[in-house]
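The structure under discussion appears below in the form of structure tokens.
Read-outs throughout are calculated quantities, based only on the coordinates presented, and are distinct from any laboratory measurement. Everything numeric here is computed off the predicted structure, so don't read it as measured data. Because the Cβ atoms are built from the backbone with ideal geometry, glycine has one as well, and the counts that use them run over all protein chains shown.
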Amino acid sequence: MKKQIATPIQDGHTYGAFSDRDEAIWAASTEQFVDEGHRVFHDAQAIGGTVGISCDMCHPDASNTHPETYPKYQVQLGRVALLRDMINWCIENPARGRPLADGDPRMRAMEAYIYAKRKGVKLEYGRSRPAQRPRPGTASRVRWKSHRGSHSGRVAWTT
């Protein structure tokens, strides 16, 4: 009787083997998508606002957006919200524009940009309380850096 050697059904790849070229294409596509989100986030006309307010005026470099905390109860909406719900709240209220559909390329690109800016931050969905500001003498001041690396002049606290 011959000994049969088991042939693996998969070699660790769910959908097949991917080449370095495939991964380079995907990385470039993702970066292009994030760059488009950066453009929309910083352009009052692109978000459809009517009073000249872009997202970055309140959230430089997507600061204080905390996408890692969604879904969570959002007081402004009176319900559990996703990040896109709050993006639309900001478009409708401070920017005085019309909400974007969930599938709108601008909405998707802005979400990608916001998530990219928080890369590496631990997911904590449902967290609604903001992080505590450090006590005087326990923190240092730093300048915000923009997406392109220049300083915006705004100050943040770090510990």
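Of a type outside the set (A, V, I, L, M), under 16 Å from the mean Cα position of the chain (by Cα) and within 14 Å of Y113 (Cβ to Cβ): is that true of T69 in this structure?
On the way: of a type outside the set (A, V, I, L, M): yes; under 16 Å from the mean Cα position of the chain (by Cα): yes; within 14 Å of Y113 (Cβ to Cβ): no.
No, not satisfied.
Tell me yes or no: at least one residue of the range 78-92 is surrounded by 15 or more Cβ atoms within 10 Å (Cβ to Cβ), over 12 Å from the mean Cα position of the chain (by Cα) and touching a residue at least 40 places away in the same chain (Cβ under 8 Å).
yes
Hey, could you check the range 79-108 for residues that are touching a Lys or Arg at 6+ places or on another chain (Cβ under 8 Å) and not β-branched (V, I, T) and say which is nearest to T69 (Cα to Cα)?
A81
Just to verify a result, which residue in the range 38-63, among those that are among the polar types (S, T, N, Q) and either in contact with a helix residue (DSSP H, G or I) (Cβ under 8 Å, 6 or more places away or on another chain) or touching a residue at least 24 places away in the same chain (Cβ under 8 Å) (or both), is surrounded by the most Cβ atoms within 10 Å (Cβ to Cβ)?
Going residue by residue through the range 38-63, those that are among the polar types (S, T, N, Q) are 45, 50, 54, 63.
So of that shortlist, the ones also either in contact with a helix residue (DSSP H, G or I) (Cβ under 8 Å, 6 or more places away or on another chain) or touching a residue at least 24 places away in the same chain (Cβ under 8 Å) (or both) come out as 50, 54, 63.
Numbers: T50: 11, S54: 18, S63: 15.
Per the criteria, the residue is S54.
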